[in-house]
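Below is one structure; the comments refer to it alone.
Coordinate-derived values only; no laboratory data. Being a predicted model, the structure only gives us computed values, none of them experimental. No Cβ is skipped: glycine too gets one built from the backbone with ideal geometry, and neighbour counts run over all protein chains shown.
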Amino acid sequence: MIRPARVSVREALREAEERLEAAGVETPRPDSEWLAAEALGVKRAVLAGRGDDPLGEEARARLEAMVARRARREPLAYIVGTVGFRGIEVECGPGSLVPRPETEITAGRAIELARDRGRRPTVVDVGAGCGVIALAVAAEVPGARVFATERHGAARGWALRNLARTGLRVTLLPGDLLEPLHPALGGCVDVIASNPPYLSGDEVESLPDEVRRYEPREALVAGPTGLEVILDLLEEVPLWLAHGGWLVLEVAPHQAERVTRLLATVGYDRVTVTKDLVGRDRVVEGRWTGVA
Ligand SMILES: C[S@@+](CC[C@H](N)C(=O)[O-])C[C@H]1O[C@@H](n2cnc3c(N)ncnc32)[C@H](O)[C@@H]1O
């Protein structure tokens with residue numbers, strides 16, 4: 001193919017969009033815009049006013065390299081390197097789940113319940129990934145003592161970067177579920193929030209390439225049924241929650257009813273489900289009564 005010497009931003013965007021569409025990317029236009037903005041070092045919102053501008057050689061090379069990665073179905077967030085979460089910009093990349101919009105709702109429930117618990121609530125985010133739930137709580141609940149646990153080193157690396165980049169105070173602990181918490185926190189935690197792995201191995205196989213080929217299995221797959229991590233967590237939580245403290249769990253929509261029933265039978269009251277932005281049951285919360 002003969003490469004025209006000069007292309008405008010508009011032409012480059014059109015080319016990128018066509019290439020991504022042909023590669024099966026679900027959102028070729030917005031993705032092209034995000035990549036073009038990144039290549040030009042500008043905000044996406046200003047692109048519309050710059051359609052006739054020529055795209056310089058360097059920006060063009062950067063854009064082509066990024067479009068090639070996206071056409072191989074690498075997640076947009078890994079290529080751009082950052083993603084917004086409740087007003088915070090966080091970094092994520094290989095080894096970390098890409099934070100999802102529904103998790104903003106999970107974090108929102110944890111934030112609201114933590115605020116209701118009064119001054120200096122203690123909050124734990126289990127399976128922190130790049131740290132978004134813990135960071136949002138630290139940003140939005142003044143005085144909260146926030147802990148985050150994460151078993152996998154690569155994900156912890158991203159969380160540490162985000163702690164440094166935001167300057168927010170979260171104690172990040174390596175290890176399994178709630179096990180890394182200091183014993184002195186036993187019976188003192190106000191809110192435990194988690195977006196745990198909740199898929200079965202089979203379910204992952206039917207997910208888009210972006211997820212199946214790039215995001216870490218340990219962030220997605222719980223085991224043969226998908227409920228394994230949630231069940232393990234339910235065993236540990238009673239050791240740590242204060243009487244009247246809250247458990248907030250992000251689940252797959254088809255798990256919400258089962259998890260709701262489970263919480264109601266193992267010592268939680270006020271068990272409710274919050275829907276995600278597209279109306280699917282997504283976040284289950286319950287208040288620990290201390291009586292199983
Ligand atoms: C679905 S991801 C959620 C990440 C992040 N909280 C978010 O919402 O974007 C689940 C995370 O839990 C971590 N994880 C899986 N099993 C764990 C365990 N037993 N203990 C602690 N972390 C675990 C994974 O490494 C992954 O980072």
Query raised in the report: Gap in Å between the Cα centre of the stretch 100-146 and the Cα centre of the stretch 183-239?
Result: 17
Report task. Estimate the FRET efficiency between residue 236 and residue 23 by the formula 1/(1 + (r/R0)^6), using the beta-carbon distance for r and 35 Å for R0, to the nearest 0.05. Result -> 0.25
**Report entry** Pair-distance profile P(r), taking every C-alpha pair of the stretch 65-209, with 10 angstrom steps and integer %
**Finding:** 12, 40, 33, 12, 3, 0
Report summary line: Where a ≥ b ≥ c are root eigenvalues of the Cα gyration tensor, a/c under 1.5 meaning rounded, otherwise prolate if a/b exceeds b/c and oblate otherwise, the stretch 172-292 counts as oblate
Query - Added length on full extension, which subtracts the Cα-Cα distance from 0.36 nm per residue, residue 218 to residue 50 - result: 56.3 nm
Report summary line: Per the rule of 0.36 nm per residue minus the C-alpha distance, extending residue 243 to residue 11 adds in nm 77.4 nm
Query raised in the report: Under a point spin-label approximation (7 Å from Cα along Cα-to-Cβ), what is the residue 278-residue 100 distance to one decimal in nm?
Result: 1.0
Report task. For helix 28-40, report the angle its Cα long axis makes with the longest principal axis of the Cα atoms of the chain; keep it between 0 and 90° and round to the nearest 10°. Result -> 80
**Report entry** Where trypsin sites (Lys or Arg not before Pro) fall in DSSP loop in the stretch 1-97, at most 16 other Cβ within 10 Å
**Finding:** 6, 43, 72
Query raised in the report: Roughly what % antiparallel, to the nearest 5, for the DSSP beta bridges in the chain?
Result: 45
Query - the stretch 23-99 - Debye-derived log10 I(q)/I(0), Cα point model, q = 0.11, 0.18, 0.24, 0.25 Å⁻¹ - result: -0.29, -0.77, -1.24, -1.30
Query raised in the report: Bin by bin, in steps of 5 Å, what percent of the Cα pairs in the chain do you find, going until the bin that has the longest distance?
Result: 1, 6, 12, 15, 16, 14, 11, 8, 6, 5, 3, 2, 1, 0, 0
Query raised in the report: Considering amide H positions built from the backbone, and no H for Pro or chain starts, which residues 5 or more places from residue 148, or on another chain, come under 5 Å of its amide H?
Result: 125, 171, 172, 173
